[in-house]
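The values are calculated or read from the model by the stated rules, or taken from the named source; none is laboratory data. If you're wondering where the values come from, they're calculated on a predicted model, not measured in any experiment. Reconstructed Cβ throughout: ideal geometry from the backbone, glycine too, with neighbour counts over all protein chains shown. We work out accessible area using only protein heavy atoms, side chains counted, and drop any ligands, DNA or RNA first. Shrake-Rupley method; radii C 1.70, N 1.55, O 1.52, S 1.80 Å.
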4 protein chains.
Amino acid sequence: MATKKIAILTGGGDCPGLNAVIRAVTRTAILKYGYEVIGYKYGYRGLYKNDFIPLTLDTVSGILHKGGTILYSSNKDNLFDYAVEENGKIVKKDVSDVAVENLKKENVDVLVVIGGDGTLTSARDFARKGVKVIGIPKTIDNDLYSTDLTFGFYSAIDVATDALDRLHTTAESHHRIMILEVMGRNAGWIALYSGIAGSADVILIPEIPYSIEKVVEKVEQRKAQGKPFSIIVIAEGAKPKDGSVVISKIVEDSPDPVRLGGIGNKLASDLEKLIKSNEIRCTVLGHIQRGGNTSTFDRILSTRYGVAAVELIHQEKFGNMVCLKGDTITYDSLENVIGKTKNVDPNSELVQVARSIGISFGD
Amino acid sequence: MATKKIAILTGGGDCPGLNAVIRAVTRTAILKYGYEVIGYKYGYRGLYKNDFIPLTLDTVSGILHKGGTILYSSNKDNLFDYAVEENGKIVKKDVSDVAVENLKKENVDVLVVIGGDGTLTSARDFARKGVKVIGIPKTIDNDLYSTDLTFGFYSAIDVATDALDRLHTTAESHHRIMILEVMGRNAGWIALYSGIAGSADVILIPEIPYSIEKVVEKVEQRKAQGKPFSIIVIAEGAKPKDGSVVISKIVEDSPDPVRLGGIGNKLASDLEKLIKSNEIRCTVLGHIQRGGNTSTFDRILSTRYGVAAVELIHQEKFGNMVCLKGDTITYDSLENVIGKTKNVDPNSELVQVARSIGISFGD
Amino acid sequence: MATKKIAILTGGGDCPGLNAVIRAVTRTAILKYGYEVIGYKYGYRGLYKNDFIPLTLDTVSGILHKGGTILYSSNKDNLFDYAVEENGKIVKKDVSDVAVENLKKENVDVLVVIGGDGTLTSARDFARKGVKVIGIPKTIDNDLYSTDLTFGFYSAIDVATDALDRLHTTAESHHRIMILEVMGRNAGWIALYSGIAGSADVILIPEIPYSIEKVVEKVEQRKAQGKPFSIIVIAEGAKPKDGSVVISKIVEDSPDPVRLGGIGNKLASDLEKLIKSNEIRCTVLGHIQRGGNTSTFDRILSTRYGVAAVELIHQEKFGNMVCLKGDTITYDSLENVIGKTKNVDPNSELVQVARSIGISFGD
Amino acid sequence: MATKKIAILTGGGDCPGLNAVIRAVTRTAILKYGYEVIGYKYGYRGLYKNDFIPLTLDTVSGILHKGGTILYSSNKDNLFDYAVEENGKIVKKDVSDVAVENLKKENVDVLVVIGGDGTLTSARDFARKGVKVIGIPKTIDNDLYSTDLTFGFYSAIDVATDALDRLHTTAESHHRIMILEVMGRNAGWIALYSGIAGSADVILIPEIPYSIEKVVEKVEQRKAQGKPFSIIVIAEGAKPKDGSVVISKIVEDSPDPVRLGGIGNKLASDLEKLIKSNEIRCTVLGHIQRGGNTSTFDRILSTRYGVAAVELIHQEKFGNMVCLKGDTITYDSLENVIGKTKNVDPNSELVQVARSIGISFGD
C-alpha cells in the first residue's frame, strides 16, 4: 500500500538543524511525492496525546536557519515506560499501543523520528511493533553509531571555536591558562574538532584519560618556549587516569552538583595547586552550544538527511536510519544502530593530526 | 617644556579595544605631533621594572580589531603598595619613586594610563607626585564615573546578546527557563543592555534588588499568555531583597566558591524549588565576554579616546581622563573621577523603556 | 479625547530595526496604556487601500532581531501625488482624503509613521490635514536632520566593517588596492564610520570632494613606508573635485547605468591608469548593507524610539518625530525636520580623528 | 637521502586557510620530524629571486584563523614562461633552472606548493625536472580534480550564505527579486552549496545552462503560492542555454567589462524586461568571498592537509598532491590531477536534493 501520509516528531535535547530537517522532509514529501505531512508536538508525548499540527509549505517557510524545533521536544518521554497517573499515583506503563492507535486513527503511514539514541531506541521498538519508521540521527555530541556526522555538531564546534578565539586574546594578554569545558559526555568530538580549530594547546577527552602531570608539563614547556599562556579544551566527560592522585574533588554535595561541579572546574582547581605563576580561569560553555542559528554546513547536511528520509519512504525501506558515510548519504538498520556509541579513536587520523602540530592529550 | 616622548601602559582585566586605543595614541602622536612613543609591558609592573618596547607605526599595524593588549597587563600591581621580596620575605612597599625615576631615565614626558578605577587611582597618585598623566577609562562593566561609555562594553553586550539569542531557540523549543549570568559586579549595565537587545523577560541587576516571588510571577504570567518559556539575564552582582526567604545558598565552602557558586546558579536552584513544570538551566558567560575581536562601535570609540588623549597632551591638560558625554568627547579631572561608581539609575529612561515593553526587574 | 487606537506604517527602503520599532510600539501601547494597535501594510499604499492587520503581543513576538518589516513597505507611494488609473490612463492625484477617511472608519486616533525624509514629508502633510501623527526616523544613511542617529545605521556599518576586514587580508597578501563602495548618496556617514572601524587608508565622501592625485599620493606614500597595499572606502555619492581631469567616465549608456556604473568602479578604472604596480579591485556592497539581523546597538535604539513614540502619544504631543541627541531620546517638530539633510561636517571631531590617525580624505 | 629542509610557497588568488596550512606544515615538520622550514615569498617569484623567510614556531604563531597568506602570493608567475627584461624589452623565458639552482643553493630537499591548477601545473613541471614536490590543493571554487573538497570553499559559502540571509529579509519585506552573483567561473559549487544553505529559490550554475523563461516561471509560480519575492543565486560562469533569445547583453565595451558587466547584472536586466511587478536588485559578492577569517571547517581541513603533506615527505612519496576523498585524507599523483576540472554533476545527489525541496535550476 503506497504511502499517503507521514508524521514527523523530534525528541531529545536541542540541536541546530532540526527545523532544516523538518522543512526538507515536508517540502520533499509534498512537492516531489504528494504526501500529506503532520508533525507531532513535544516528541513522543504528542504521539501519545495525539497532539499534532499539519505541516505545509507555509508551516515550514522561513525556518531553515533557525535553531530549536517548531515541533517542540521533550527529553525523557519513553512511551514503552511512560509515567502516567493511576489512582492518584504516578506509575510507569507501556503506553505504546495508544501511540499505534493514534497513528492508525490519523491514517499515518510512516513515522519519521528525529532524535538521538534514546529517541531512536523507541523508534526501533515501534518498528518492532510493525510501525513503518524512518530514523534521522541527531546528537550534538556526534557520538551516534553508524553515521560519520550528525547535524548540529558543526554548529556546536563553530560556537566552541569562537569561544576559544575569544579566550585566546585574554590568555595571551594576561598570561593566563584558560580552560573551556565543552559538551561531550561520552565522546570527545566537540573538544577534538574545536580544539584543533581554536588553537588549543591541550585537548582532554573521555577516550584518552589524562594525567594532570602531563597537562602541567605541557604548560611549562610552552613557558620555556616563550609562551606564558595556554588554552585547554576539555570535554565534560573527560576524566583523569585511574590511579591519579586526587587533588580536588568535584563538588557532589552542592545543591546542584551537575551544574556547579564539573570536570572543567575541577581541572582549574587542580592546576591552581600545581602552577603558581599563572591565573587560571574556566568557562563552561553549556547550552550556548546547542542553540542559535544553524551553520551553513548543518543547513546542508540537515536538508540532505530530510530529503533522504523521504526517498527511503518512497522506496519503502522502513526501519532504517539515514546516515552519512564519507560524503555519501546512505542508511543503516535501526536495529544495528541502537545502543552503541561512536567514540574518538585515539589512533585516528585526526588525533594524530592534533598530536603532529603539538597538541597534548594529557597522556 | 614641550612634550617629546610619551609612554603608554594598560592595566587591569581584559577589554576589547585596548589595542585600538594604543594604535590611535601611537599613530596620532607620531603622525600629527612627532612625539616618540614607548609602551610599558604588564601595566605598572613594567614601569617599575623599566620593561618597555618602542611603539612605532609598524608595532601598531594590524591590531585595530584585535582583543587583548599588545602591551600585556597585570591585574593587581599597585606600585604604591607593591609586593617585593626583602630578606626572603614578601613585604608591601611604596615603590612609586622607582617608577618616577624610570620615567626620568627614559626621558618620558607624559604617561598615558589605560585602565579601570584601580589602575587610574594609581595614575592619579602619580599625578600627585608630579608626573604628567593622562587617563583613558577602561571597564567592561561600564561603571566608571564621569564617562557615559567605556570601550569594550558594547563588545561585551554583543557577546551577551548573541548568547541570549542562542538560549532563546532552546528555551522556546524545550519550554525551558534559561538563565544567563553576565558580568557586572557592582553595576547592571551589561545585563540591562543585553537584556533589552536579547529579548529577556526578566533582568536582574545589583541596583534593583529582586524578590524571587516576582520572578516566579513573571514566569507564570508568561505561561498564562501562551509562552511556556522565559529568558532571564542576571548580573553577577545582582542580589535578592533584604528579608527574602533564603531558599538555596551560594556554595561558599566549595574548593572554589567564586567560580562554582554564583548568583545565576543560586537563582536556578531557587526557581527549581518553586517552578515544577519547566526545566531550568543556567549559563555563566564568563570570560567569553572579555575577549575576541573588538566590535565596530568599540573600535571607533577606542580610536576617539586615543586621539583625544594625545590632543590633551598637546594642550598640556595633564591629570585628566578622556571621557564621553552624550556623543561628545571631553575630559574630566582624575581627582574627580576616582573612587566613584556609575550605577544604573532605576528611574532612568532605559529602565523605563525595559519596563514599558514588559520586562520585569523582579521588584 | 484620549487615544484608544493607533496605527503604524513603515515606508521606504529596508533598514534593520523596523521590526524592533514595531514591536516596541505595540508592546508599550498594549501593556502600558491599553491602546489597540493595527499596522497598515505596504506603507501608505495600505493606508489608501485600508489594508491592515491587527498588531498584538503575538504578532510582534520573535521579531526583535529580524531585519525587514512584518508590515512590508513600498518605496514611492505618496498619497498626495498618487498614481491611479482613471479611464484607462494612469494619472497622478491627491488621494490623501481617502486615507483620512480610512483612519476615521477604523477609529484610528494616531498614526505612527516610520520612514525617511520622503515618508515623513507625507506624515507632515497628513499632520497639516489634522491627522494626529508621530514620526520615527529611519534611514540607513543616517542623514536625517535633527537626530544624531537613526536605527539601521550601526547594523550597516557592522556589515561594511566586516567587508573591510575581509578585503584587508587579501589586500595585504596580494598587494592590492581594494575599494569598497558603500551606501551614502548625499552623506558619507557609513563610509566615515566603517572606514575608521575597518582600518581604511582613504575615505571618500560626498562632503569632501576628492582629487585622484591625492588618492594616488596616499597609496604611494604607504608603499614608501613598506605597506604595498591600500584599502579605500568610498560612499556612492562621493565625487571628484570640480575641475579634476576626467580619466574615465561612469558608464551611462549601459542597460542599467545605476547598477553597472558607480563611483567605486570609476575610481578603480582611474587608479588603474595611474598606478601600475598593484592590482585594483572594487566591491559594491549594495543591499547586503540593508538586510539581515539587527545589531545589538540598533535593537536597543529601535526599542527606545518605539517606546518614546508611544510616550509622545500618551502626552498628546502630535506632529513630532522622536529623535536622539547625544544619548538622550527627545523629539522635534516634523515641520522642522523635513527637507533637510544632516551631512558630515568636514571639521567635525570624527573627521579630525580620522585625519589624526593618518586616514586621507583625498583632499 | 633523508629530508632535512623543506620550502613552502603559496600561489594564485586568496583563499582562507592558506595560513592554517603553512602553520600545520611548519609545526609538524619541526616538532615531529625536525626538518628545517623556509617559505618563499610571492609564490614562484620568490623562488626565482631566492626571496624567502625562515618559518619557525614563532613565525607561524597566531595565524591559524587569519585569511591571506603570510608568504604573500602572486597570480600569474609561471617560471617556465616568465616575463623578464632583456635589452630593454620584456620577453617570456623559461627560468625554471634558476629556481632549481636556488633550491640547491639553499639545500632545500622538498618543495611544498599550495595552489590551484595553474600553480600546481608548475609544481608538476618542477617534479618532471627532478625536484621533490608535494602539492596542496587550493581553490575557492572547489573545482580541482581528484579532491572532494578544498579549503577556503566552506569559508566562501559561509560568506555567500550570510549574504543570502541578508538579502532574504529585504526581498520578503519589499517584494523584490534579489540576485546574488557568487564566484564559480567554471564550476557552480559555491552557488549550489550556498543556494541550498541560503534558501535560494533559483540556483544557476555553469553546468546547467538556464532558460530565462524557466526562471520567470519559478518566480511567477511562487507569487501564485503567496510568495511575492524570490532569491536567485548565480555563479559568475553561469550561462543561458544556446539558442536563448538575447534580451540584454553583457557590457563588453565599458571601461572595465569584467568588473562592470557580469552575468548577474545581465540576469537582472533580462528579468526587468519580463517581470513588471517586482523590483529587481543584483549584488556581486566579489572579493568578500575570498578574505577574512578562516571558518572552523577550513581551519581543520587546512591543518589536516598540512600535516598530510609532511607525512608524504616523511614517506618520500613525492610528486603527489594531498586530497580528501569522503572524510579520508589521501593523495594523488600531480600528473593525474593537472588540467582537469571537477564540475557539479547535474545528476548528483546534491542537485537532486535541491530539486527535491523545490529549487529551480532554470532548466
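How high is the relative contact order of chain A? Use alpha-carbon pairs under 8 Å, at least six apart in sequence, and give a whole percent. Rounded, it is 22 percent for chain A. Annotation: amide H of C:ILE38 within the under-5 Å range of C:ILE6, C:ALA7, C:ILE8, C:LEU55, sequence separation 5 or more or interchain, hydrogens built in the peptide plane. Amide H contacts for D:LYS138 (H built 1.01 Å from N in the peptide plane; partners 5 or more residues away or on another chain; cut-off under 5 Å): D:GLY115, D:GLY116. Pick out, in residue order, every one of the trypsin sites (Lys or Arg not before Pro) in the stretch A:258-320 that is DSSP loop and has at most 11 other C-beta atoms within 10 Å; say none if there are none. The qualifying sites are A:LYS276.
Evaluated at q = 0.15, 0.20, 0.23 Å⁻¹, the base-10 log of the normalised Debye intensity for the stretch C:29-74, with identical point scatterers placed on the Cα atoms, takes the values -0.43, -0.72, -0.88. Normalised size of the stretch C:154-290, defined as Cα radius of gyration per 2.2 N^0.38 Å with N residues, equals 0.98.
For the peptides C:318-325, A:17-24, the ranking by packing is A:17-24, C:318-325, with the highest mean count of neighbouring Cβ atoms within 10 Å listed first. Relative to its residue count, the protein assembly as shown spans a Cα convex hull of 204 Å³ per residue.
With only Cα atoms counted, the stretch B:65-184 has Rg and Dmax values of 20.4, 65 Å.
Of the solvent-accessible surface of chain C, computed with a 1.4 Å probe and all protein chains present, 47% belongs to carbon and sulfur. Give me the percent of Cα-Cα pairs in the stretch D:1-61 that sit more than 18 Å apart, rounded to a whole number. Roughly 34 percent, once rounded to a whole number. Derived from the Cα gyration tensor, the three semi-axes of the equivalent ellipsoid of the stretch B:119-235 are 38, 14, 8 Å, largest first. To the nearest 10 degrees, how steeply does helix B:153-174 sit against the main Cα axis of chain B, on a 0 to 90 scale? Computed tilt is about 20 degrees. Mean separation of Cα pairs under 8 Å and 6 or more residues apart, divided by the residue count, gives the stretch D:154-290 a relative contact order of 33 percent. If R0 equals 45 Å, the separation of the Cβ atoms of C:LYS239 and C:ALA2 corresponds to a calculated FRET efficiency of about 0.30.
Each stretch of four or more DSSP H residues adds -39500 (n - 2.57); spread over every residue of chain B, this sum gives -10500 deg cm²/dmol at 222 nm. Here A:LYS276 is the anchor, and the lysines within straight C-alpha reach of less than 18 Å, apart from those fewer than 8 places off in the same chain, are A:LYS214, A:LYS218, A:LYS223, A:LYS227, A:LYS266, B:LYS76, B:LYS89. For D:LYS5, a cut-off of 17 angstrom between C-alpha atoms picks up these aspartates and glutamates, skipping any fewer than 8 places away in its own chain: D:GLU36, D:ASP51, D:GLU101, D:GLU106, D:ASP109, D:GLU311, D:GLU316.
Between the Cα long axis of helix B:263-274 and the first principal axis of chain B there is an angle of about 0°, rounded to the nearest 10. Counts of other chain beta carbons within 10 angstrom of each beta carbon in peptide D:296-308 average 6. Summary: within chain D, the longest segment free of GluC sites (Glu not before Pro) located in DSSP loops with at most 12 other C-beta atoms within 10 Å is D:1-251.
At a probe radius of 1.4 angstrom, the accessible area of chain B per residue rounds to 35 square angstrom. For the chain pair C and D, the buried solvent-accessible surface (1.4 Å probe, both sides summed) amounts to about 3700 Å². Looking at chain D, what % of the alpha carbon pairs are farther apart than 34 Å? Roughly 34 percent, once rounded to a whole number. Peptide B:67-74 has a mean shielding of 5, counted as Cβ atoms of other protein chains within 10 Å of each residue's Cβ. In degrees, nearest 10, range 0 to 90: what is the angle between the Cα axis of helix D:96-105 and the longest Cα principal axis of chain D? Rounded to the nearest ten degrees, it is 50.
With the Cα gyration tensor of the stretch A:1-111 in hand, convert its eigenvalues to equivalent ellipsoid semi-axes via √(5λ) and list them largest first in whole Å.
The three semi-axes for the stretch A:1-111 are 27, 18, 9 Å.
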